[in-house]
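J.: Following this message is one structure expressed as structure tokens.
The values are calculated or read from the model by the stated rules, or taken from the named source; none is laboratory data. Please read these numbers as outputs of a predicted model, since none were measured by experiment. Here Cβ is always computed from backbone atoms with ideal geometry, including for glycine, and neighbour counts include all displayed protein chains.
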Amino acid sequence: MLTAERRIYRDKAVAGVVHAAVGTALGVGAGVLAQSTTVATTIVVGGRALTRAALDVGSALAEGDEVRARELLPALVGRDPTGLDAAEIARAVVESVAENTVDAVVAPALWAALAGAPGALGYRAVNTMDAMVGHRSPRYLHYGWASARLDDLANWVPARCTAALVALVRPGSVRQIRRAVSTQAPAHPSPNAGVAEAAFAAALGIRLGGTNRYGERVEVRPSLGWGRGARPDDIAPAVRLSRDVGTALAVVLGLAGAAQWWMNR
């Protein structure tokens, strides 16, 4: 896609639409060639990498090595880690685990279940384009619009399925999760990340949100959840929650597949 960007790039939305269309077509085409839904899903589902990166930061914080934790943080988030203390690093990690549970686990699995290998690899292409050009910056303000909106569309249902799965695996927090998702998530600038972060915050009994710095750009995110702010010892529970969501999704999809087989036999 870097080659395509060099050829297509203009600081206009129409050029970004072409970029998004080409990238999606390449992803879907790769899925058609791959043919195997199992192989494609294995490629695009990144839950293990997510949890490993989060736990590495958590280990550094547990050892009191904030310098090392800041060095590791860019593997998870795009915000500037300079000057973040242990609590802010922990918040960044928990928020990333929540958001990436959608991007790296739930969404690719659902798209694979819906449309096979083309769905899985097409989704990954959309998500990658959003990471490359969808973020707000002077260069991509117009060009990245289409990729960002396409990613929002692709993740809309998976984000809400993630919140439902969080409630399923943490039944004692159902009321708090529902309240956070319905009343707090809409204030988040992302229509999908806010849903996942609100659900995780409520399930973990903590408060997320605050000031994030991205180079020269500063964003103030709304409070999600209630109670104290995130701490380093919240990282492991967030990872466990993400894993439980992935397991629950696998069970639900397995049962759905078994039911379909039973009806069609």
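J.: Output the residue which, of all residues in the stretch 30-39 that are touching a residue at least 60 places away in the same chain (Cβ under 8 Å) and assigned to a helix (DSSP H, G or I), is surrounded by the most Cβ atoms within 10 Å (Cβ to Cβ).
T.: Kept after step one, since they are touching a residue at least 60 places away in the same chain (Cβ under 8 Å), are these residues of the stretch 30-39: 30-32, 34-37, 39.
Retained after the next criterion (residues that are assigned to a helix (DSSP H, G or I)): 30-32, 34, 37, 39.
Values: Ala30: 18, Gly31: 28, Val32: 13, Ala34: 17, Thr37: 18, Val39: 14.
Ranking the qualifying residues of the stretch 30-39, first place goes to Gly31.
J.: Let me ask you something else. I'd like the residue in the stretch 54-76 that is among the aliphatic types (A, V, I, L, M) and surrounded by 20 or more Cβ atoms within 10 Å (Cβ to Cβ) and, out of all such residues, is modelled with the lowest pLDDT. Before the answer, list the steps.
T.: Step one: of the stretch 54-76, the residues among the aliphatic types (A, V, I, L, M) are 54-55, 57, 60-62, 67, 69, 72-73, 75-76.
From what is left, the residues that are surrounded by 20 or more Cβ atoms within 10 Å (Cβ to Cβ) are 54, 57, 60-61, 69, 72-73, 76.
On the way: Ala54: 96, Val57: 97, Ala60: 97, Leu61: 97, Ala69: 97, Leu72: 96, Leu73: 95, Leu76: 91.
Applying the filter and picking the extreme gives Leu76.
Here's the yes/no breakdown for (1) touching a residue at least 40 places away in the same chain (Cβ under 8 Å); (2) in contact with a Ser or Thr (Cβ under 7 Å, 6 or more places away or on another chain); (3) farther than 26 Å from Ala109 by Cβ:
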{"position": "Ser147", "(1), (2), (3)": "yes, no, no"}
{"position": "Trp156", "(1), (2), (3)": "no, no, no"}
{"position": "Thr162", "(1), (2), (3)": "yes, yes, no"}
{"position": "Ala180", "(1), (2), (3)": "yes, no, no"}
{"position": "Ala199", "(1), (2), (3)": "yes, yes, no"}
{"position": "Gly205", "(1), (2), (3)": "no, no, yes"}
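J.: Being in contact with a strand residue (DSSP E or B) (Cβ under 7 Å, 6 or more places away or on another chain) and on the phi < 0 side of the Ramachandran plot, is that true of even one residue in the stretch 148-169?
T.: So the first thing to find is which residues in the stretch 148-169 are in contact with a strand residue (DSSP E or B) (Cβ under 7 Å, 6 or more places away or on another chain), and the list is none.
For the stretch 148-169, residues in contact with a strand residue (DSSP E or B) (Cβ under 7 Å, 6 or more places away or on another chain) and on the phi < 0 side of the Ramachandran plot: absent.
J.: Just one of (1) aromatic (Phe, Trp, Tyr); (2) buried (at least 24 other Cβ atoms within 10 Å of the Cβ); (3) assigned to a helix (DSSP H, G or I) trips up Trp156, so point out which.
T.: With (1) aromatic (Phe, Trp, Tyr); (2) buried (at least 24 other Cβ atoms within 10 Å of the Cβ); (3) assigned to a helix (DSSP H, G or I) applied to Trp156, the lone miss is (2).
J.: Tell me which residues, restricted to the stretch 43-66, are under 19 Å from Ala154 (Cα atoms) and either in contact with a strand residue (DSSP E or B) (Cβ under 8 Å, 6 or more places away or on another chain) or in a helix (DSSP H, G or I) (or both).
T.: Initially, the stretch 43-66 is screened for residues under 19 Å from Ala154 (Cα atoms), giving 43-47.
Within the stretch 43-66, Ile43, Val44, Gly47 qualify.
Let's see how each residue does on (1) touching a residue at least 24 places away in the same chain (Cβ under 8 Å); (2) basic (Lys, Arg):
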site: Thr41; (1), (2): yes, no
site: Ala62; (1), (2): yes, no
site: Arg68; (1), (2): no, yes
site: Val77; (1), (2): no, no
site: Ala86; (1), (2): yes, no
site: Ala104; (1), (2): yes, no
site: Trp111; (1), (2): yes, no
site: Ala117; (1), (2): yes, no
site: Ala131; (1), (2): no, no
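J.: Tell me the residue from Ala230, Ala236, Ala201, Ala258 that is of a type in the set (Gly, Ala, Ser), surrounded by 15 or more Cβ atoms within 10 Å (Cβ to Cβ) and more than 19 Å from Val169 (Cα to Cα), please. Before you say what the answer is, go through the steps one by one.
T.: Values: Ala236 fails: more than 19 Å from Val169 (Cα to Cα); Ala201 fails: more than 19 Å from Val169 (Cα to Cα); Ala258 fails: surrounded by 15 or more Cβ atoms within 10 Å (Cβ to Cβ).
Unique residue meeting the criteria: Ala230.
J.: Considering (1) within 18 Å of Asp244 (Cβ to Cβ); (2) aliphatic (A, V, I, L, M); (3) surrounded by fewer than 24 Cβ atoms within 10 Å (Cβ to Cβ); (4) in contact with a strand residue (DSSP E or B) (Cβ under 8 Å, 6 or more places away or on another chain), say which one Ala87 fails and leave the rest.
T.: (1)
J.: Got at least one residue in the stretch 159-170 being among the charged types (D, E, K, R), over 30 Å from Gly29 (Cβ atoms) and assigned to a helix (DSSP H, G or I)? Before the answer, list the steps.
T.: Keep residues of the stretch 159-170 that are among the charged types (D, E, K, R), which gives 160, 170.
Subset that is over 30 Å from Gly29 (Cβ atoms): 170.
Filter once more, keeping what is assigned to a helix (DSSP H, G or I): none.
No, that holds for no residue.
J.: Pairs please, first residue from the stretch 1-22 and within 14 Å of Met129 (Cα to Cα) and of a type outside the set (A, V, I, L, M), second anywhere and modelled with pLDDT under 75 and not in a helix (DSSP H, G or I), Cβ atoms under 9 Å, 6+ apart in sequence or on different chains.
T.: Here the result reads His19/Met1, each pair linking the stretch 1-22 to a residue that is modelled with pLDDT under 75 and not in a helix (DSSP H, G or I).
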